[in-house]
1. Restricting to segment 244-293, and then to whatever is modelled with pLDDT of 85 or more and among the small types (Gly, Ala, Ser), can you tell me which residue is surrounded by the fewest Cβ atoms within 10 Å (Cβ to Cβ)?
2. I'm told GLY28 meets every condition in (1) open to solvent by less than 20 Å² (accessible area, probe 1.4 Å); (2) in contact with a helix residue (DSSP H, G or I) (Cβ under 9 Å, 6 or more places away or on another chain); (3) small (Gly, Ala, Ser); (4) at pLDDT 75 or above except one. Can you identify the failing condition by its number?
3. Look through LEU124, LEU145, LEU154 and report the one residue that is in a loop (DSSP other than H, G, I, E, B), buried (at least 20 other Cβ atoms within 10 Å of the Cβ) and touching a residue at least 40 places away in the same chain (Cβ under 8 Å).
4. Which one of the conditions (1) under 29 Å from the mean Cα position of the chain (by Cα); (2) of a type in the set (A, V, I, L, M); (3) part of a helix (DSSP H, G or I) does LEU267 fail to meet, given that it meets all the rest?
5. Just one of the numbered conditions (1) of a type in the set (A, V, I, L, M, F, W, C); (2) surrounded by fewer than 16 Cβ atoms within 10 Å (Cβ to Cβ); (3) within 20 Å of THR25 (Cβ to Cβ) is not true of VAL348; which one?
6. Can you run down the residue pairs with Cβ atoms below 8 Å, 6 or more apart or on separate chains, where the first is in segment 366-394 and under 14 Å from ILE42 (Cβ atoms) and the partner is open to solvent by 80 Å² or more (accessible area, probe 1.4 Å) and modelled with pLDDT of 80 or more?
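The values are calculated or read from the model by the stated rules, or taken from the named source; none is laboratory data. Since we're looking at a predicted model, the values are computed, not measured. Don't worry about glycine lacking a Cβ; one is built from the backbone with ideal geometry, like all the others, and counts go over all protein chains shown. For the accessible areas, the whole protein counts, side chains as well, though only heavy atoms, and no ligand, DNA or RNA atoms are used. Shrake-Rupley method; radii C 1.70, N 1.55, O 1.52, S 1.80 Å.
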Amino acid sequence: MLLWLKTWQLGVKSLMLHPLRSLLTVLGIFIGVFSVIWLLAIGEGISRKAQEQIEGLGANNIIIRSIKPPSEVTQNMSGAIPYGITRADFARMQYTIPTVDQALPIREVRRRFSFGKRMVDGRLVGCTPEYAEVTKLKVARGRFLTPTDVNNKLNHCVLAAGTAERLFPFEDPIGRAIHVEEAYYVVVGVMESRQPSAGIGGSLAAQDFNFDVYIPITTLWSRIGDFIATRRAGSFEGEVVELSQITLRIDKVENVIETADLVKEMLARRHRYEDYGVTVPLELLEQARTTRLMFICFMGLIAAISLVVGGIGIMNIMLATVTERTREIGIRRALGAKRSDITRQFLVETVALSIVGGLTGVLGGLTCRPLMNVFRYTMEKTMPNVMEQLPAVIKTVEPVIVPWSIPLAFGISVAIGVIFGLYPARRAAAMDPIEALRHE
């Protein structure tokens, strides 16, 4: 024990004789450990963000969306083009599939909303009272739609946070009437602000909930109907869409995949072409978890390369040190030091460099989240245009330190110190004492 203590004292003293060289060597290990923790934390943050968005859709839900078929399918059709899921599809799924616990019909139309001289463009969403729960919307003031609103086809509406702010920047919107083109609706509630959802799955596009107006779906059917007219550069195009989306809630998670297959088969039998898309959040969640593991492995591999580069730096410095200290090695051997003593001395020096680099790298890695926030804040103040063009996931991601990444990175740094320091140490021990004493 005393021998090892003296060896450590001698090794640290030798390193302190060349502080700048030792510092640069430690820097290589620091960057490697720092990179492992940072890259894994950022990867975990991005992965969790994606999984949260998928989980927000509900693991026991199945989402069916209407999709406009490509132009080559509709080019021979004249007049209004009918496509998408229908009320008949909705009734069939609701009443013939025993595992369906609840079915929610949704109809979306782009409209202009106005109050006085203030106007805003957004989505007019015809829905049922369950819509708020399914989409994780929370009421800020007033209330959401009720079964009475739906059953009686009332002209009541609920405003999203952005719509309310644009139309009523100073007034309380509750009880006031807004115009949706030629019709008017009485405001009964305002929702809290919610972050837009990213596009998930091939058929589920990104959705911005902040400029919506929610009305009973029965009111939308009776006032607006299924026909949509679109005018573009002097041309006129008509579409007939009965439902934009159906969300099915399945009684048990175990039945989701089987029910999704049944829904796909049912729609395929009754639709001439694929004008719908079926999204199963449970499948996407499993895919996201698998992708997370692959992503973490990939990021870890990239960071591990930095550690290997740091290890090569240690070997290079130690080989140079062995050459510089050849005469010292010869004197120690002449005074009775064994080869194992020389090996131990140089090995201790490399491990000391690795430990210092590993510990500082861990401390630097723990600053991932605050430094990321400082970086985003600085970018928003100095280059706001660049920040606006970045993807939403980059602007909102919060790094999450992976607990096992800390001991892993530190352990690898020490292991690299031993592996890359072993050759220089053995080379020093293998020197002939007589030749070493002659070295100038």
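1. Per the criteria, the residue is ALA268.
2. For GLY28, the exception is condition (1).
3. Details: LEU124 fails: in a loop (DSSP other than H, G, I, E, B); LEU154 fails: buried (at least 20 other Cβ atoms within 10 Å of the Cβ).
Of the residues listed, the single one that is in a loop (DSSP other than H, G, I, E, B), buried (at least 20 other Cβ atoms within 10 Å of the Cβ) and touching a residue at least 40 places away in the same chain (Cβ under 8 Å) is LEU145.
4. (1)
5. (2)
6. Listed pairs, sorted by first residue: none to list.
For (1) buried (at least 18 other Cβ atoms within 10 Å of the Cβ); (2) modelled with pLDDT under 75; (3) farther than 19 Å from THR367 by Cβ; (4) of a type outside the set (Phe, Trp, Tyr), each residue gets a yes or a no:
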{"position": "VAL397", "(1), (2), (3), (4)": "yes, yes, no, yes"}
{"position": "PRO403", "(1), (2), (3), (4)": "no, no, no, yes"}
{"position": "ILE406", "(1), (2), (3), (4)": "yes, no, no, yes"}
{"position": "GLY411", "(1), (2), (3), (4)": "no, no, yes, yes"}
{"position": "ALA415", "(1), (2), (3), (4)": "no, no, yes, yes"}
{"position": "GLU440", "(1), (2), (3), (4)": "no, yes, yes, yes"}
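Quick grid of which residues meet (1) in a strand (DSSP E or B); (2) basic (Lys, Arg); (3) modelled with pLDDT of 75 or more:
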site	(1), (2), (3)
LEU20	no, no, yes
LEU23	no, no, yes
LEU39	no, no, yes
GLN53	no, no, no
ILE62	yes, no, yes
ILE106	yes, no, yes
